[in-house]
Amino acid sequence: MCHTTNPEAETCTTALPATKDRTRPLFSLGQVVATPGVLKLCEENDISPIEYLVRHQCGDWGSVPPEDWRSNDEALVHGGRLLSAYMMKGTKVWIITEYDRSVTTLLLPSEY
């Protein structure tokens with residue numbers, strides 16, 4: 001299950017159809033890949049990225065600004081790239097799903 005952690009969430013979910021919620025997968029992740037920096041972070045800190053991928057897939061966009069939260073919700077309805085940001089052991093990690101839902105990438109902002 002996903003749990004929305006964005007304090008702006010109530011005001012940022014208007015683009016989601018009424019039948020959607022943030023506890024079920026909302027889109028396909030496609031092929032999931034990770035950059036060397038994220039792989040090292042996960043290995044050195046015994047982190048599984050699954051929790052973060054599930055949150056992303058359920059529409060909990062993490063710590064992105066409200067305007068990105070709204071853009072993601074609109075992309076669910078109209079198509080477009082999806083971006084989430086989460087803190088893993090004090091390090092920010094982005095998760096990006098491409099507009100066509102073919103690939104989801106976990107990366108450090110410095111690797112963008």
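The values are calculated or read from the model by the stated rules, or taken from the named source; none is laboratory data. Here the structure is a predicted model, which means the values were calculated and not measured. Glycine gets a Cβ as well: all are built from the backbone with ideal geometry, and neighbour counts include every protein chain shown.
This table checks each residue for (1) at pLDDT 95 or above; (2) among the small types (Gly, Ala, Ser); (3) on the phi > 0 side of the Ramachandran plot; (4) not in a loop (DSSP other than H, G, I, E, B).
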{"position": "Asn6", "(1), (2), (3), (4)": "no, no, no, no"}
{"position": "Glu10", "(1), (2), (3), (4)": "no, no, no, yes"}
{"position": "Pro17", "(1), (2), (3), (4)": "no, no, no, no"}
{"position": "Asp21", "(1), (2), (3), (4)": "no, no, no, no"}
{"position": "Leu29", "(1), (2), (3), (4)": "yes, no, no, no"}
{"position": "Glu43", "(1), (2), (3), (4)": "yes, no, no, yes"}
{"position": "Asp68", "(1), (2), (3), (4)": "yes, no, no, yes"}
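In region 93-103, what residues are over 9 Å from the mean Cα position of the chain (by Cα) and either under 17 Å from Ser71 (Cα atoms) or in contact (Cβ under 8 Å) with a residue 60 or more places away in the chain (or both)?
Applying the first criterion (over 9 Å from the mean Cα position of the chain (by Cα)) to region 93-103 yields 93, 98-103.
Answer for region 93-103, where residues must be over 9 Å from the mean Cα position of the chain (by Cα) and either under 17 Å from Ser71 (Cα atoms) or in contact (Cβ under 8 Å) with a residue 60 or more places away in the chain (or both): Glu98, Tyr99, Asp100, Arg101, Ser102, Val103.
Across region 81-92, which residue is nearest to Tyr52 (Cα to Cα) among those that are free of Cβ contacts under 8 Å to residues at least 40 places away in the same chain, buried (at least 16 other Cβ atoms within 10 Å of the Cβ) and not hydroxyl-bearing (Ser, Thr, Tyr)? Full working, then the answer.
Within region 81-92, the subset free of Cβ contacts under 8 Å to residues at least 40 places away in the same chain is 81, 83-87, 90, 92.
Keeping just the survivors that are buried (at least 16 other Cβ atoms within 10 Å of the Cβ) gives 83-86.
Keeping just the survivors that are not hydroxyl-bearing (Ser, Thr, Tyr) gives 83, 85.
Values: Leu83: 12, Ala85: 9 Å.
Ranking the candidates gives Ala85 first.
Would you pick out the residues in region 19-71 that are surrounded by 13 or more Cβ atoms within 10 Å (Cβ to Cβ), touching a Lys or Arg at 6+ places or on another chain (Cβ under 7 Å) and within 23 Å of Asp100 (Cβ to Cβ)?
Correct list: Leu26, Phe27, Gly30, Cys58, Gly59, Asp60, Gly62.
So which residues in region 97-112 are in contact with a Ser or Thr (Cβ under 8 Å, 6 or more places away or on another chain) and assigned to a loop (DSSP other than H, G, I, E, B)? Walk me through how you get there before you give the answer.
Taking region 97-112 as the starting set, the residues that turn out to be in contact with a Ser or Thr (Cβ under 8 Å, 6 or more places away or on another chain) are 97-98, 101, 103-108, 111.
Result: Glu98, Arg101, Leu108.
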